[in-house]
Structure formats: structure tokens, C-alpha cells
1. Full extension from residue 113 to residue 171: what is 0.36 nm times the residue separation minus their Cα-Cα distance, to one decimal in nm?
2. In whole angstrom, how far apart do the alpha carbon centroids of the stretch 186-235 and the stretch 90-134 sit?
3. Spin-label point model (7 Å from Cα, Cβ direction): what's the residue 220 to residue 141 distance in nm?
4. Let's test the formula: R0 of 45 Å, r as the Cβ-Cβ distance of residue 155 and residue 238. What FRET efficiency results, to the nearest 0.05?
5. Under the rule a/c < 1.5 gives rounded, and otherwise a/b versus b/c splits prolate from oblate, where does the stretch 135-192 land using the Cα gyration tensor?
6. Highest mean first, what order results for 77-86, 162-171, 113-122 on Cβ atoms within 10 Å?
7. Report the paramagnetic label zone for residue 227: residues of the stretch 122-137 whose backbone N is under 18 Å from a point 7 Å from Cα along the Cα-to-Cβ axis.
Amino acid sequence: MNLRLAAVAGMFEFLAMRNPGSRSPIPKGKPSSWFAAGERTGMLAHTRRRPAPRSRLRLRTPRRLPRALSVEETATLLGSLRCSRDLSIAGLMLYCGLRSCEVLALAVTDVDIGGRWLSVHGKGGKDRRVPLDEDLAAMIASYLLTDRPESSSPVLFLSAKGPTRGQPLTAAGLRSIFRYHRSITGIVAGAPHALRHTFGTALAEAGVDLAVMQALLGHAHVDTTARYIHLAPTHVKAQYDAARTRQRLNRP
């Protein structure tokens, strides 16, 4: 829609250049602060001497969520991971809903293996506590006992090879891990954030309360969490059928 409005507005701007008496039907908004007076923009830049107006007809295009992985895709991707570090990283995103940046920010002291809780340092400095899956807790314990290099760094996940061995795993390093396993498995959609999205979709399809989902995923606004509900038609249908059943039972 925005592109169509821009195209129509551009056509009328061109017409106005040919015929100064013509006017565009596209409403003009307040002058945009992005253009200073006298800045040269547009097709005939030398004719513009005023701040560019901003149209009031502005639509916000919703961001698309990544596609959730199927059960088969998830099993294939996890099956290609060999070391306990990589399995722990994938598990934290898939079973706890962590963002990749939150995984990399975890310290050893943030993991309560006995109590099965995680202290997650989220976006915007917002911390949250997330339950830790029992099998995942055992995998992280195995990593700490056998695979984690000796290091003075408090960060949980460290680089295991090369000159950076023992240093915190970087975002580029994490991406390279998943890029490699996507290539050998053929799971093109198997990016780190797809695992978190798979977790959120599974919660929605299981009928988990929206407020609980928001707390687990660490969303600042419930509207972001609600997008997962829209992607879970089975959950919506189940809630609808349950509501209709209650209506029938209460019918006089």
C-alpha cells in the first residue's frame, strides 16, 4: 500500500512540474525533519527549496516472524549437533525461548542446575527468571564438567578451538555454528532465532496463557507475544469450541 501511494504521489509531482497549476490529491503531512530547508532531493532536485512534506497516509507494515521448525526439522538439526556446548545452546533457545544474544550473555552463575532456573539478561536491561528443562540442565552440567575449557571468564559458553579457545563465544561464532549445521542437514530455516520462534509457537499451540508466554519470552509488550497466537489456529479453534460448549451448557 505504501509503495502504491508513493508511486501515485510521484506521478502527480511529475505532473505538477509540467503544469504548476495542477494539484495532487494525496494529502500532505507535516514537513519531515529529515530534510533541511533547501536540501536537493527528488527527480528535479534544483526545483525543490522547501522541506519535503510527509504524507498522513502512512501504514505500518507488520514484521514477519520466522517460520517455526517442524518436528522432523528440529530432530534433524539437533541430531547434527555433537558437542554438549552446541546442544546446550540450541536447547536454551528451543526449550527456554532465549534469544541468541541472551544465550551468549549467560554467566556460569546464572544457571541453577539443582533448582532448574535460569537468570536471563534480556533486551533493554530487563532480567527475567526462566525454568530450566531437566534434560537440558543435565546437558549443561555435562558441558561444565567435561567440555568447557579452563578459563577465568565468567561467561558460560566459550570458544573451544583455535586462538580464541577459552574466550567468550561471539555472535559471529554462534552464527557460524548454525550456518555449518544448516549446510550439512539442508534445514535452510534452522537459524538460531527460528529455534526461539519454534518454542513460542509450541507454547501458543499448547494453549499457554498469554501473560505466561510474555514472561517466558521476555517481550516488553504483550502485542508482540500475541502474534504467536495468530500463528496457532489449532489453539484458537480449541478455545472457540470450549467457549461454545460452555454456552450450550449454560443455555436455559
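Laboratory data are not the source of any read-out in this text; all were calculated from the coordinates shown. Keep in mind the model is a prediction, meaning the values are calculated, not measured. Virtual Cβ from ideal backbone geometry, glycine too; neighbours counted across all protein chains shown.
1. 18.4 nm
2. Here the answer is 16 Å between Cα centres.
3. The answer from the label model is 3.8 nm.
4. FRET efficiency, residue 155 to residue 238: 0.60.
5. oblate
6. 77-86, 113-122, 162-171
7. Residues passing the 18 Å test: 123-124.
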